[in-house]
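Data first, discussion second: the structure below is written as structure tokens.
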Amino acid sequence: MKIQTIKQFSGLSRYESWASSWAKKDDIDIFSYVSTMCNPEDCLVFCRLLFPDFFVSEGAVILSAKYDHDAFIVWLTQFNGDARAVEKIMNHTHLYDVFAGCMDEVDDVIFEQLAEVIALSWRLALKEKFPDTKFSVDVSNSDPDYGPTVTFYQVAE
């Protein structure tokens, strides 16, 4: 019995283009693509997005890469001490920003699927690092002009 961790990918135009160049298509798979086309260093660097470091301040858990103490205090004041509201704002990550340097045309379905994978990995990382705290990790794509986003925040028990 096969148990999927993540849904089957769709819209992989680069992979499909690469796969179509092979005479024996049954002999290749996603791991063949990784072996041929991906650099291990890029994969390792990408793990920082999948499994980020966190910064804890006044009970709030913030992505370390996004933590700025002065901004944190401004948001905390604006939200009357509501750390969860601050977490939602400061952890809000636009995938279009993450891949701002990508010059290739990328279908939105790729960003949507990637947002789901990032959300899954953040859930795992948060559960590992904060086992006694419940978090909500949300994916949204409500702003069609600026694509999928992922954020997380603590949930009251």
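The values are calculated or read from the model by the stated rules, or taken from the named source; none is laboratory data. All figures in this text were calculated on a predicted structure; none of them were measured in a lab. Don't worry about glycine lacking a Cβ; one is built from the backbone with ideal geometry, like all the others, and counts go over all protein chains shown. For accessibility, only protein heavy atoms count, side chains too; no ligands or nucleic acids. Shrake-Rupley method; radii C 1.70, N 1.55, O 1.52, S 1.80 Å.
For segment 98-107, the set of residues classified as surrounded by 14 or more Cβ atoms within 10 Å (Cβ to Cβ) and free of Cβ contacts under 8 Å to residues at least 40 places away in the same chain consists of Phe99, Val106, listed by residue number. Residues that are open to solvent by less than 40 Å² (accessible area, probe 1.4 Å) and assigned to a helix (DSSP H, G or I) were ranked within segment 115-147; the one that is farthest from Glu16 (Cα to Cα) is Leu126. Screening segment 148-157 for residues that are modelled with pLDDT under 95 and surrounded by fewer than 18 Cβ atoms within 10 Å (Cβ to Cβ) and picking the one that is farthest from Ile62 (Cα to Cα) gives Glu157.
The C-beta contact set for segment 29-50 (first residue within 16 Å of Trp18 (Cβ to Cβ), second residue modelled with pLDDT under 90 and open to solvent by 100 Å² or more (accessible area, probe 1.4 Å), distance under 7 angstrom, 6+ apart or interchain) is empty.
Contact map, segment 2-19: first residue under 21 Å from Ser121 (Cβ atoms), second residue among the charged types (D, E, K, R) and not in a loop (DSSP other than H, G, I, E, B), Cβ cut-off under 6 Å, separation 6 or more or different chains; the map is empty.
Report the residue count in segment 50-97 for those that are in a helix (DSSP H, G or I), more than 20 Å from Val150 (Cβ to Cβ) and either in contact with a Phe, Trp or Tyr (Cβ under 9 Å, 6 or more places away or on another chain) or open to solvent by 80 Å² or more (accessible area, probe 1.4 Å) (or both). Quick ask: steps written out before the conclusion?
To start, the set of residues in segment 50-97 that are in a helix (DSSP H, G or I) comprises 50, 64-66, 69-78, 83-90, 95-97.
The next check asks that each one be more than 20 Å from Val150 (Cβ to Cβ); those that pass are 69-70, 73-74, 76-78.
This time we only want the ones that are either in contact with a Phe, Trp or Tyr (Cβ under 9 Å, 6 or more places away or on another chain) or open to solvent by 80 Å² or more (accessible area, probe 1.4 Å) (or both), so: 69-70, 74, 77-78.
The qualifying residues number 5.
Considering only segment 114-145, how many residues are in contact with a helix residue (DSSP H, G or I) (Cβ under 6 Å, 6 or more places away or on another chain) and hydroxyl-bearing (Ser, Thr, Tyr)? So the answer is 1.
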